[in-house]
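Chemist: I have a structure I would like to understand better, so I am pasting it below and will then ask my questions one at a time.
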Amino acid sequence: MLNPSELYALSDDLPALDRPVLVHALTGFVDAGNASRLAREHLLTIGSPRTVATFDLDQLYDYRSRRPAMLFVEDHWEHYERPQLLLRALRDADGTEFLLLDGPEPDLQWERFTAAVLELIERFDVRATVGLNAIPMAVPHTRPTGVTAHGTSRDLISGFEPWLQRVQVPASVGNLLEFRIGQDDRDAFGFAVHVPHYVAQAEFPAAAEKLLSCVSEATGLRLPTDELHRAAESVRAEIDLQIAQADEAASLVRALEEQYDAYTRGRQNNLLAESPAPLPTADEIGAELERFLAEHTRNGDDPPLG
């Protein structure tokens, strides 16, 4: 492996961090409802970000598979949206500093990249690393947003119940990072918020709100989500209006509601309960998730999620 330290450059004016939390939300993998992007953008808006480290993305990025945008005006090229992969320091509502790793998921040198992040985790004495993700699920938008929690220790995600028992999916850098951190005997966990599959291609701020609420609950960071909550209420009203005008969609949502309610009543140990219409089994839902992720990987592009 090439030297991981040569993959990034530290900023000249580094903050004095006190065992911070590191949140990572890389783009390029599944992001149903754009939940991770919305959460990341919200953090950058409220957190007064300062760059801590910049990665040499030329060594990690496949420009031909994910071409950056350029702006052409009349007779010249005016702007190039250069992709960046940054580690930044932010502050929560109480002034507590934490780190955010954001930018494109590397296409190349995954092991070297994860080794580089592990160096930075050690350099800043990170106490816990948290990953954000969002996946499409057969759940209704009219019920509380669910989440699948995972981590290097069950103690880190106590209070979060498992949903899928076993499923094999294509890897992501974020999940590999959590795996390698665990092998390094450090704390890492993540949250995959459940986005109703019928709104997975649109922005679903309720899922972003849920992600940040989970991060706050698990880490003690105070991350305000008032703006996301207002946006979620607005989107909820719009979805309700659209569904009310489509009988087939309304029937689907009612079936999902019955399935969800039966699950929360504890009648069965999954989201399959009594329903007037045939509903998928846990294995079928897992297989559908595998298919979704596998197709995304074969295409080599971001899924059409917004």
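None of the figures in this text is laboratory data; all of them are computed from the coordinates on show. Being a predicted model, the structure only gives us computed values, none of them experimental. Positions of Cβ are backbone-derived with ideal geometry, glycine not excepted, and every protein chain shown enters the neighbour counts.
Chemist: Listing PHE55, PHE179, PHE160 from the residue with the fewest other Cβ atoms within 10 Å to the one with the most, what is the order? Intermediate values should be presented prior to the final figure.
Modeler: On the way: PHE55 23, PHE179 14, PHE160 19.
Listing PHE55, PHE179, PHE160 from fewest to most nearby Cβ atoms yields PHE179, PHE160, PHE55.
Chemist: Can you bin the chain into rounded, prolate or oblate? Criterion: square roots of the alpha carbon gyration tensor eigenvalues sorted a ≥ b ≥ c, rounded for a/c under 1.5, prolate for a/b above b/c, oblate for the rest. If you can, show how the numbers build up before the last one.
Modeler: Details: a/c = 1.69, a/b = 1.45, b/c = 1.17.
Taking the square roots of the gyration eigenvalues as a ≥ b ≥ c, the chain is prolate.
Chemist: Moving to a separate point now. Give the separation of the Cα centroids, region 1-56 to region 195-225, in Å.
Modeler: 18
Chemist: On a 0 to 90° scale, report how tilted helix 282-299 is relative to the longest principal axis of the chain, with both axes built from alpha carbons and the result rounded to the nearest 10.
Modeler: So the helix axis and the longest Cα principal axis differ by about 40 degrees.
Chemist: Please report GLU178, GLU6 as a ranked list, fewest other C-beta atoms within 10 angstrom at the top and most at the bottom.
Modeler: Values: GLU178 23, GLU6 11.
Final ranking by Cβ density, sparse to dense: GLU6, GLU178.
Chemist: Now, a different point. In degrees between 0 and 90, to the nearest 10, how far off the longest principal axis of the chain does helix 173-183 point, with axes built from Cα atoms?
Modeler: The answer is roughly 80 degrees.
Chemist: Taking the number of other C-beta atoms within 10 Å as the exposure measure, put ILE239, ILE135 in order starting with the fewest. Before the final figure, lay out the partial values.
Modeler: Numbers: ILE239 20, ILE135 24.
Neighbour counts put them in this order, fewest first: ILE239, ILE135.
Chemist: Could you give the angle, 0 to 90 degrees to the nearest 10, between helix 35-46's Cα long axis and the longest principal axis of the Cα atoms of the chain?
Modeler: That works out to roughly 50 degrees.
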